[in-house]
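Below is one structure, written out as structure tokens, with a few remarks after it.
None of the figures in this text is laboratory data; all of them are computed from the coordinates on show. Only a predicted model underlies this, so the values are computations on that prediction, with no experimental measurement involved. Methodologically, a virtual Cβ is constructed for each residue, glycine included, from the backbone with ideal geometry; neighbour enumeration extends over all protein chains shown.
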Amino acid sequence: MSKEIKIIDNVLEKEQFKDIQALMTSLHFPWFYSSTITNKDEKTKLYYFVHLFFDNFQKNSSFFDLLSPLFKILEVNSLIRIKGNMYPNVNKKIQNDFHIDYPYEHKNAIFYINSNNGPTVFKSGEKIESVENRLLIFNSKKLHASTYCTDKKTRININFNYF
């Protein structure tokens with residue numbers, strides 16, 4: 001594992017984690033359809049669902065405060081975006097395009113809501129398995145790709161972009 005990647009397993013207390021997981025997998029959590037996965041012009045039929053907790057310099061979700069325990073762990077000074085991602089099972093292990101989230105240096109983190117066989121893949125060859133309550137922190141210039149899982153109904157995580 002490179003020095004540009006840090007993994008913290010069981011990052012939240014069990015009860016804190018279960019509250020977030022239960023909410024994001026409930027009928028009461030709003031997910032919104034996105035026909036593109038990365039910023040590239042995709043010509044695939046792939047899609048996913050997103051929930052913007054924070055975007056455009058403001059809270060965008062009434063569920064924003066539920067993530068506050070992670071802000072201390074990440075040592076957040078300023079937020080760029082916090083986005084929940086839900087990739088549906090498409091009965092095929094598919095890797096999306098390698099990308100960076102923003103064209104300037106910042107910090108990236110992915111918080112995994114459920115365990116599944118869809119890893120986060122880095123262009124450098126590293127693969128980080130999706131394990132519930134795992135926090136992945138990495139250099140924002142590191143090309144990475146999301147994947148779809150085949151062993152669960154969905155792959156759910158939260159992506160943090162911050163300073």
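Annotations
- Built amide H within the under 5 Å cut-off of PHE53, gap 5+: ILE82, LYS83, GLY84
- The length gained by stretching the chain between LEU23 and THR44 to full extension, at 0.36 nm per residue less their Cα-Cα distance, is 4.5 nm.
- Magnitude of the charge dipole, the chain, Cβ model with Lys/Arg +1 and Asp/Glu -1, debye to 20: 400 debye
- Unsatisfied cross-links (Cα-Cα over 27 Å) in the set LYS93/LYS123; LYS18/LYS142; LYS3/LYS72: LYS18/LYS142
- Using a Förster distance of 41 Å, the FRET efficiency for PHE98-LEU66 (Cβ separation, nearest 0.05): 0.85
- Label of the coordinate-derived value, Rg and Dmax of the Cα atoms in Å, listed as [x] 26.0, 108; [y] 18.4, 69; [z] 14.7, 41: [z]
- Taking other C-beta atoms within 10 angstrom as a stand-in for reagent exposure, HIS106, HIS28 fall in the order HIS28, HIS106, fewest first.
- Note, ³J(HN,Hα) from phi for the stretch 44-57, Karplus 6.51, -1.76, 1.60, rounded to Hz, x at Gly and Pro: 9, 9, 6, 8, 7, 10, 10, 9, 8, 6, 8, 6, 6, 6
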